[in-house]
1. Please enumerate the residues belonging to the range 69-108 that are part of a strand (DSSP E or B) and either closer than 30 Å to L47 by Cα or out of contact with any Asp or Glu (no Cβ under 7 Å at 6 or more places or on another chain) (or both).
2. Any residue that is surrounded by 14 or more Cβ atoms within 10 Å (Cβ to Cβ) and at pLDDT below 95 - is there at least one of those in the range 56-65?
3. Which ones in the range 89-116 are touching a strand residue (DSSP E or B) at 6+ places or on another chain (Cβ under 8 Å) and touching a residue at least 40 places away in the same chain (Cβ under 8 Å)?
4. Every residue in the range 37-68 that is outside any helix (DSSP H, G or I) and under 22 Å from E87 (Cα atoms), please.
5. Out of the residues in the range 11-36 that are assigned to a loop (DSSP other than H, G, I, E, B) and within 19 Å of M99 (Cα to Cα), state the one that is nearest to the chain's Cα centre (by Cα).
6. If you scan the range 22-44, which residues turn out to be hydrophobic (A, V, I, L, M, F, W, C), out of contact with any helix residue (DSSP H, G or I) (no Cβ under 8 Å at 6 or more places or on another chain) and crowded, with 18+ Cβ neighbours inside 10 Å?
7. Restricting attention to the range 91-117, which residues are closer than 27 Å to M1 by Cα and surrounded by fewer than 18 Cβ atoms within 10 Å (Cβ to Cβ)?
Amino acid sequence: MSRFIVQIGSGVDQHGHNDDCTNAAIKAIKNAISNNCLTGLLEICGLKEPKDLNRMMVHVKIGAPYPKNIKEEKVLKAIPFGIKSIEIEKGGLVAEGIMIKELGDTSDKIIVCNAAVTVSIE
């Protein structure tokens, strides 16, 4: 197994959501992968068809202030292709914001998660 790329991102949920870090984790993954075009997968690694991209291994490592409050299956859906795995550890950040009940806020917490997305090829 050879690592192809490691992408880093951050995601923010400004609404508290009962300390659920899922939305911030999804945003962190999308931030990590949104500005990459992995042309080397096609041109160097020979993954020519979209279905071939499902052969790549995609490991997501999330740093979250409340690691137990992440819905892993929902987070992994943010990765469009590949054999997916996830690792979650304590990290990220909680900052004080404001609570606006009309927006669905459950607290004044701003939840920040970080993601490292590693793409490997066998």
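1. I83, K84, S85, I86, E87, I88, E89, K90, L93, V94, A95
2. Yes, some residue in the range 56-65 is surrounded by 14 or more Cβ atoms within 10 Å (Cβ to Cβ) and at pLDDT below 95.
3. Those that are touching a strand residue (DSSP E or B) at 6+ places or on another chain (Cβ under 8 Å) and touching a residue at least 40 places away in the same chain (Cβ under 8 Å): G92, G97, D108, K109, I110, I111, V112, C113, N114, A115, A116.
4. Residues satisfying the conditions are M56, M57, V58, H59, V60, K61, I62, G63, A64, P65, Y66.
5. C21
6. Across the range 22-44, the qualifying residues are A24, A28, A32, I33, L38.
7. Within the range 91-117, A116 is the sole residue that qualifies.
The values are calculated or read from the model by the stated rules, or taken from the named source; none is laboratory data. Just so it is clear, the model here is predicted, and its values are computed rather than measured. Because the Cβ atoms are built from the backbone with ideal geometry, glycine has one as well, and the counts that use them run over all protein chains shown.
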